[in-house]
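Single-structure report; data block below.
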Amino acid sequence: MNSLEDVSAVLALSVDSALEFKGIDAAGIFMVDSISGNRVLGYNAGLPGWFTHSCSLVEPGCELHEMLKCDGNVFPDSGEESPSICEGSPRVFLKGLFPFFLNNAPESIMFITSSEPEALTVEIRGVLETLVSMIKASISRIEAENRSRTSESEHSLLLERMQDPVFALTENLELQYCNEAFRQLICFFEKGSIESNNILELAGTEFMKMMRDKFDEILDSDKGFCRITSEYHERVFNTFISRTADGLFVQMSDISESEQARIKLNFREKFVSLLINISTDFIEMRGSALNLGINDALLNIGVSIEVDRAYLFQLSDELKIMNKTHEWCATNIQPQIDKQQELRIDDYPWWMSRLNRRWAIHIPRVADLPSFAEAERELFESRGIQSLLVVPIVHGNDLIGFLGFDSVNQEKYWSEDIIDLLSIAGDAIGNALVRNRMEKELIEMYRRAEQEAQINAVLLKEVNHRVKNNLSEIIGFLYAQMRFASNESDHDEFVQNLISRIRGLATVHDMLSSSGWNPLELTRLAKGIIDNAIASASSSRKIKTSISKSSIHVNSNQAHALALILNELVRNSLKHALVDRDSLKIKVRMRKRRAGRITLVYSDNGPGYPEEVLELNGKSLGLDLIQNLTMKNLHGELTLQNEGGASAKISFCKPSTEDKTNEGD
């Protein structure tokens, strides 16, 4: 029986074997139908024809059905005459009953009979019980083997359906199994020819170089599994390697898209930080320093977005001529600045029609330009340009120039997100250019105003009015951009932060204007900036402020920097200190130390700064702005602490005597 692989064969052999024993003339097996409860004669040997005909189906309730019910092996008592299990000729006397289960179905039963009524001997009973035990063992073995084969088949089918590459190896790194996803990954498609093939031959040296160390590490140690991130065929996989009884099991999950998303997110964070630094630097740049700053900005942006050329064109006031005023080129890229001077705007109608609509010009492939842009295509092809991106620079309602980015060595596509950020960079450069142009005009105005005091007063009033209007126009432009921008919350927050900072500059500008641009009292500055930031936040929660009185004065440059710093600290308190709180208290303390250094301490009663922020290692744009302003504009030091809440201490030198500051304790 141990060699049989089919339950039917075991049962058929069982009833045949029973006839070999003395005192047994016939044997049969009744199986129970799970739905009707009827007993069905499935296997028999030696039974008379009338029995098999009349008893092939035994319904519940009949005498034979009840006789066949038993919990264990049954032998009629040797002291009594064996019962007849069915009336007929010849008579059939019951000699034994042996219940067992088949495929977890209701109870089946084997019976043995004889035409003689005598009971079986003790020895024959023992032999029959052994036979029944062998039947049960063989059935259990076959069912277990069937379940194992079914499980293996289902497991194999499941692995085949997996989209992740999966394979199993022996300890000698020979391939035992691999699914379709793995075969496609290594370009091996012959399903039936993987026996004894070494994985090195199938996947190549690149694959084995990537995996071999980890394979050996798992096989040579007690470590049960490991995970690694690996690259193969320009895809990124999170690979799980586990030890099995006879080798290794490997599953490779493709994380290329999530990895690209992570890289894109990291790039965006770094790029936004770069643009913040550029915009902050432009606040203080004047004259030749501004030209150098624009060149540095083009270099940093060009390297960051991996282009071959970055440049700035400025348009003449009458919109007749455009000139390339600044340019950065990557290594081995020919500069074009000398060849692109005094270009007539009317010669490029398609180009200018888009810029006049304030549209960015995105050309992933120059060869695909339409026929009505022939002049532009000829210009680009003559410069060896394959792809380019241009963003307009607008001040107020006026188009004053554009930023351009060329890809010479390859075709390139820029995402909408990058285009939006580059537009903000263009705005920062445009504002700096306009401010620089205005300041040059102001200097000339002041020179003329020296001859006439009345003209000087009129000009000063006009300048203040124009600068204030410029700030209002910038706010209006940012609001407009936010309305037409995408719904991405991080982009909206970024624009809202810029609006808040410009409002802070507008506030300090009003204060300086009202003081005639003389040194500004620090207490008045702090109160004005903090009150304005709280009012702009429109918070319904209770916010108290406490600002110490002091006669300390700061010059205009320091006032602008401190305004941005205080505005950023207040926004941080409103965003983080009010979480799960109904009220907030803000304190500002200021003192003049020895050697003329000024210390300003801003604190709130919130939960305090996270550990990474205290170490000045956070990636917050606000923290970067505060650090840059403190170091670059105030030439001071920034210290963050948690003392009953978040506390920021800013220490810087008093204004120089040239600024005619009047400082006090």
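Derivation of every value follows stated rules applied to the coordinates shown; laboratory data play no part. Treat the numbers as computed from the prediction; the structure is a model and nothing was measured. We place every Cβ from the backbone using ideal geometry, glycine too, and count neighbours over all the protein chains shown.
For the reader, a short list of remarks on this structure follows.
- Taking amide hydrogens as placed 1.01 Å from N in the peptide plane, the amide H of GLY636 sits under 5 Å from those of MET631, each at least 5 positions away in sequence or on another chain.
- ASN409-GLU123 pseudo-label distance in nm [points 7 Å out on the Cα-to-Cβ vector]: 9.8 nm
- In plain terms, the chain from ARG91 to SER513 could stretch by 139.1 nm, reckoned as 0.36 nm per residue minus the Cα-Cα distance.
- Cross-link partners of LYS214 among lysines, defined as those whose alpha carbon lies under 30 angstrom from its own and excluding same-chain residues fewer than eight positions apart: LYS191, LYS223, LYS264.
- Taking a point 7 Å out from the Cα of ILE419 in the direction of its Cβ, the residues of the range 345-389 whose backbone N falls within less than 13 Å of it are 354-355, 358-365, 388-389.
- Linear extension gain, ALA375 paired with ALA137, 0.36 nm per residue minus alpha-carbon span: 76.6 nm
- From least to most packed, judged by other beta carbons within 10 angstrom and beginning with the fewest, GLU123, GLU118 follow the order GLU123, GLU118.
- Packing here is the average count of other Cβ atoms within 10 Å per residue, and on that basis the peptides 603-609, 577-583, highest first, run 603-609, 577-583.
- From phi via Karplus (6.51, -1.76, 1.60), per-residue ³J(HN,Hα) for the range 599-614 in Hz, x at Gly/Pro: 10, 10, 10, 10, 8, 9, 9, x, x, x, 7, x, 4, 5, 6, 4
- Cα Rg, Dmax (largest Cα-Cα span) when computed across the range 7-152, Å: 15.3, 53
- Taken along the Cα-to-beta-carbon direction at a fixed 7 Å, the label points for ARG447 and ALA289 span 2.1 nm.
- Value of D in µm² per second that Stokes-Einstein yields for the range 273-434, Kirkwood Rh from Cα pairs, at 25 °C (0.890 mPa s): 154 µm²/s
- Between CYS653 and CYS62, the contour length at 0.36 nm per residue exceeds the alpha carbon distance by 201.6 nm.
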